[in-house]
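The values are calculated or read from the model by the stated rules, or taken from the named source; none is laboratory data. As the structure is a computational prediction, the values presented were derived from the model and not from experiment. For neighbour counting, all protein chains shown are included, and Cβ atoms are generated from backbone atoms with ideal geometry for every residue, glycine included. When the accessible area is computed, the model is the full protein with side chains, heavy atoms only, and any ligands, DNA or RNA have been set aside. Shrake-Rupley method; radii C 1.70, N 1.55, O 1.52, S 1.80 Å.
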2 protein chains.
Amino acid sequence: VEYIDPGSKTVGGKTAEGGAFQISYDRLLIATGATPIIPDLPGFDLPGVMGLKSLEDGRRIKQFIEEKNVKRIVIIGMGYIALEMCEALRGRGIKVDMVKPRRAFLPWLQEDLGHMVRDEVEARGVGVNSGHGIKEIREGEGGLKVVCEDLTLDCEMVLSAAGIKPVSDIAEEAGLQLGPDRAIAVDRTLRTSEENIYAAGDCADAFHIVTGERVWIPLALRANRAGWAVADNITGKHVELDGVAGTAVFKVFDLQVAATGLNIHQAEEAGFDPVAAMIKSRTRAHAHPGSTKIGVSMVGDKKTERLLGVQMVGGEGAAHRVNAPAVALQARMTVGAFAESDMAYAPPFGPVWDPMLTAANQLLKKMR
Amino acid sequence: VEYIDPGSKTVGGKTAEGGAFQISYDRLLIATGATPIIPDLPGFDLPGVMGLKSLEDGRRIKQFIEEKNVKRIVIIGMGYIALEMCEALRGRGIKVDMVKPRRAFLPWLQEDLGHMVRDEVEARGVGVNSGHGIKEIREGEGGLKVVCEDLTLDCEMVLSAAGIKPVSDIAEEAGLQLGPDRAIAVDRTLRTSEENIYAAGDCADAFHIVTGERVWIPLALRANRAGWAVADNITGKHVELDGVAGTAVFKVFDLQVAATGLNIHQAEEAGFDPVAAMIKSRTRAHAHPGSTKIGVSMVGDKKTERLLGVQMVGGEGAAHRVNAPAVALQARMTVGAFAESDMAYAPPFGPVWDPMLTAANQLLKKMR
């Protein structure tokens, strides 16, 4: 499909044999997804420079590593795909260097929590080179060279994990309204600016349940949920999706990193009067064997005392714990109400006061 | 302390030397806790019949096992203390038989979830003898005999874990109002029926946040929280506690068992029009190694669509997941609102639709 014509309610393009085709529709769903951002710099088209989006990409990467007996990989980017790959590659005994232009390691994460993750990654022998603008990739003796402003990294393979962008060109050319990051703008029923055209998945935007504003946070649950909702709406039911909290989680080596809602910078930008509290606690009761560190950062609005967001990093339990504040955001709860929740306690799973309650209690002290 | 006299605002009793003492108070806090229920049957006073409440009890049990080289233990009761002890004792290679009068293994748990736990316990070689009324404990050759109506169990030690009761005699004798299970009745400020007397901890009752009714659910977080609240209220602040959801969790061998709010029977008794949905899912994404089973049972009110309770049993993630519905109960959410929550997804931690969302979606279908 090469074009959408909302006026005549048709889509068209060329067949594999080169002939033109046209199909008419009553309702159209755009589910074009997202695609990796490949930096527009010299050398990113060299063999051995890989992106990772599809299962096929994964297979190609694995095959290349095995065939070329790859010992050193440079990862461009430090997002969760980069970090997950980092763990997988270290598991194969490959030397890994990460590099990116921005200074902050995980800029969306509270600083102390970011340090916890960086320490873990570095302790596993990964080179974290943040603050280095990439100039080009060059072929060198027996491999590739990633050339930065004041650093050159040698390797046999480069993994480009510099983020993704929505596939929305076809929608834009058809005159559909775009939202943040050029994602296709949809309403709560997943309808685009054209009455009979819907969009769902990583190509479409959503409303943020904390700010009410349009955001582009391409994650699996929302994509899946939107697919179901479109199916309902196209077949005559009426389903509205409330929105997203941006709840995200990933594992990197022995740490779980989880976040939901806004961090303090996003909260400021959204016009709140935010306050944050950061606490460190343990993942099991005092003296219970196998306990690890867990850090919780919680953000609330001073004016309304509304809970705005939570971030957590810990050796265990962070990934599932984050669903509790995600539900609280869905319910538009205050920090005070969240702090009164009757959370679970047993020695293998946490202290008597769950770290989330400790964070909420500290935040209340700072807000009042 | 042997008595409380609210009229003269004094407490009194006998000193260690046998003399009488009297102390006057402005505000009094009763924090007498709870005590194990020891069945009033022959033989429960024999050496080798143990209760478990304090750290000292734990030490005595351990010493007895080591000194007498105990190989077989019978546990009376099948609550979470009994089950936790079961795991600890099996870890020492001791043969364990559990016995209790009621048929249902864990009567408060949804049936399929109860089976999951029972299967796990039996797979670890524990004898589960439910439905056997205990008649007496007798001394036999080289040990003890637990004699039931149609069963006799031989062992060297008996652990009595038949539940606990609040220590409230002194409060009752002072004329204070008692609540359910003879716990000391307190209002939201932890004040008893006497203006200057407070009660906190396992001796006191609480309001249930789902039913609004008084309940006695003696758990650590509420006890701790009540202590802080009393301190505030006695020193001139005004703190009210909303109540409890009865959120509880325990580990037994490789399973986590978690519950919050009401089960379907409790919901019926409380006057709701309850519907339940039970789903089975996996604790990690399809094809992710190390995945285990997880079952979720969710109860909602057909009339108002309010979420009433959730129970979960799984190989991982149940203990921390249960905080999400606990927060939803605190917020008095509907099942529909809970089902819209933006929960976390990453392959090591669950399927795209968290099992709690799958349960909520199934429950909505049954409610509408």
*Hey, among B:Gly13, B:Gly51, which residue is surrounded by fewer than 17 Cβ atoms within 10 Å (Cβ to Cβ) and not aromatic (Phe, Trp, Tyr)?*
B:Gly13
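Rundown of residues vs (1) within 13 Å of another protein chain (Cβ to nearest Cβ); (2) not hydrophobic (A, V, I, L, M, F, W, C), yes/no style:
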{"residue": "B:Phe253", "(1), (2)": "yes, no"}
{"residue": "B:Thr260", "(1), (2)": "yes, yes"}
{"residue": "B:Ala277", "(1), (2)": "no, no"}
{"residue": "B:Ala287", "(1), (2)": "yes, no"}
{"residue": "B:Gly290", "(1), (2)": "yes, yes"}
{"residue": "B:Lys293", "(1), (2)": "no, yes"}
{"residue": "B:Lys303", "(1), (2)": "no, yes"}
{"residue": "B:Leu308", "(1), (2)": "no, no"}
{"residue": "B:Arg321", "(1), (2)": "yes, yes"}
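Let's see how each residue does on (1) modelled with pLDDT of 95 or more; (2) touching a His at 6+ places or on another chain (Cβ under 9 Å); (3) closer than 30 Å to B:Gly133 by Cβ:
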residue	(1), (2), (3)
B:Val1	no, no, no
B:Ile23	yes, no, no
B:Ile30	yes, no, no
B:Pro36	no, no, yes
B:Phe44	yes, no, yes
B:Gly51	no, no, yes
B:Ser54	no, no, yes
B:Val70	yes, no, yes
B:Val74	yes, no, yes
_strands (runs of 3 or more DSSP E) lying entirely in region B:192-297 (those with 2 or more residues that are basic (Lys, Arg))_ = B:274-282
*Set B:Thr283, B:Thr358: member being within 12 Å of chain A (Cβ to nearest Cβ), under 18 Å from A:Arg222 (Cα atoms) and polar (S, T, N, Q)*: B:Thr358
*Check region B:61-68 and report whether any residue there is in a strand (DSSP E or B) and more than 22 Å from the chain's Cα centre (by Cα).*
no
_Unique match (being buried (at least 19 other Cβ atoms within 10 Å of the Cβ), within 25 Å of B:Ala200 (Cα to Cα) and aliphatic (A, V, I, L, M)) among B:Val257, B:Val249_ = B:Val249
*Kindly list, by first and then second residue, each pair from a residue in region B:44-66 that is within 17 Å of B:Gly91 (Cβ to Cβ) to a residue that is surrounded by 17 or more Cβ atoms within 10 Å (Cβ to Cβ), limited to pairs with Cβ atoms under 6 Å and residues at least 6 apart or on different chains.*
B:Ile61/B:Met50
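Could we say that B:Thr189 is over 25 Å from B:Trp108 (Cα atoms), in contact (Cβ under 8 Å) with a residue 40 or more places away in the chain and either within 14 Å of chain A (Cβ to nearest Cβ) or polar (S, T, N, Q) (or both) here?
So B:Thr189 passes the test.
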*Checking A:Gly290 against (1) modelled with pLDDT of 95 or more; (2) closer than 20 Å to B:Gly314 by Cβ, the condition it does not meet*: (1)
*When residues of region A:333-352 are limited to those that are more than 7 Å from chain B (Cβ to nearest Cβ) and without any contact (Cβ under 8 Å) to a residue 40 or more places away in the chain, the one most open to solvent (accessible area, probe 1.4 Å)*: A:Thr334
*For region A:316-330, does any single residue satisfy the condition of being in contact (Cβ under 8 Å) with a residue 24 or more places away in the chain and farther than 17 Å from B:Val327 by Cα?*
yes
*Name the one entry in B:Ile38, B:Ile75 that is part of a strand (DSSP E or B), of a type outside the set (Ser, Thr, Tyr), surrounded by 13 or more Cβ atoms within 10 Å (Cβ to Cβ) and within 28 Å of the chain's Cα centre (by Cα).*
B:Ile75
*Residues being free of Cβ contacts under 8 Å to residues at least 40 places away in the same chain and among the charged types (D, E, K, R): count how many of those fall in region B:113-135.*
3
*Filter region B:98-115 down to the residues that are open to solvent by less than 20 Å² (accessible area, probe 1.4 Å) and assigned to a helix (DSSP H, G or I), then identify the one that is nearest to B:Ala277 (Cα to Cα).*
B:Leu113
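Residue-wise test of (1) surrounded by fewer than 18 Cβ atoms within 10 Å (Cβ to Cβ); (2) in a loop (DSSP other than H, G, I, E, B).
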{"position": "A:Glu139", "(1), (2)": "yes, no"}
{"position": "A:Ala162", "(1), (2)": "no, yes"}
{"position": "A:Gly175", "(1), (2)": "yes, yes"}
{"position": "A:Asp181", "(1), (2)": "yes, no"}
{"position": "A:Arg188", "(1), (2)": "yes, yes"}
_Residue selected from region A:164-173 under the condition more than 15 Å from the chain's Cα centre (by Cα) and within 27 Å of A:His238 (Cα to Cα), by the criterion surrounded by the fewest Cβ atoms within 10 Å (Cβ to Cβ)_ = A:Glu172
*Just name the residue that is least open to solvent (accessible area, probe 1.4 Å) out of those in region B:195-211 that are away from every other protein chain (no Cβ under 14 Å) and out of contact with any helix residue (DSSP H, G or I) (no Cβ under 9 Å at 6 or more places or on another chain).*
B:Asn196
*Residues that are assigned to a loop (DSSP other than H, G, I, E, B) and either open to solvent by 80 Å² or more (accessible area, probe 1.4 Å) or without any contact (Cβ under 8 Å) to a residue 12 or more places away in the chain (or both), drawn from region A:79-92*: A:Arg92
*Go through (1) touching a residue at least 12 places away in the same chain (Cβ under 8 Å); (2) surrounded by fewer than 24 Cβ atoms within 10 Å (Cβ to Cβ) one by one and return the number of the condition B:Glu268 breaks.*
(1)
*Please enumerate the residues belonging to region A:271-280 that are surrounded by 16 or more Cβ atoms within 10 Å (Cβ to Cβ) and over 19 Å from B:Leu221 (Cβ atoms).*
A:Phe272, A:Pro274, A:Val275, A:Ala276, A:Ala277, A:Met278, A:Lys280
*Determine the pairs where a residue that is of a type in the set (S, T, N, Q), located within region A:14-34, has a partner that is assigned to a strand (DSSP E or B) with Cβ atoms under 7 Å apart, the partner being 6 or more residues away or on another chain.*
A:Thr15/A:Phe21; A:Gln22/A:Thr10; A:Gln22/A:Gly12; A:Ser24/A:Thr10
*Identify the residue in region B:212-239 that is away from every other protein chain (no Cβ under 14 Å) and in contact with a helix residue (DSSP H, G or I) (Cβ under 6 Å, 6 or more places away or on another chain) and, among all such residues, is most open to solvent (accessible area, probe 1.4 Å).*
B:Arg214
*If we keep just the residues of region B:323-332 that are open to solvent by 10 Å² or more (accessible area, probe 1.4 Å) and not polar (S, T, N, Q), which is nearest to the other protein chains (Cβ to nearest Cβ)?*
B:Ala331
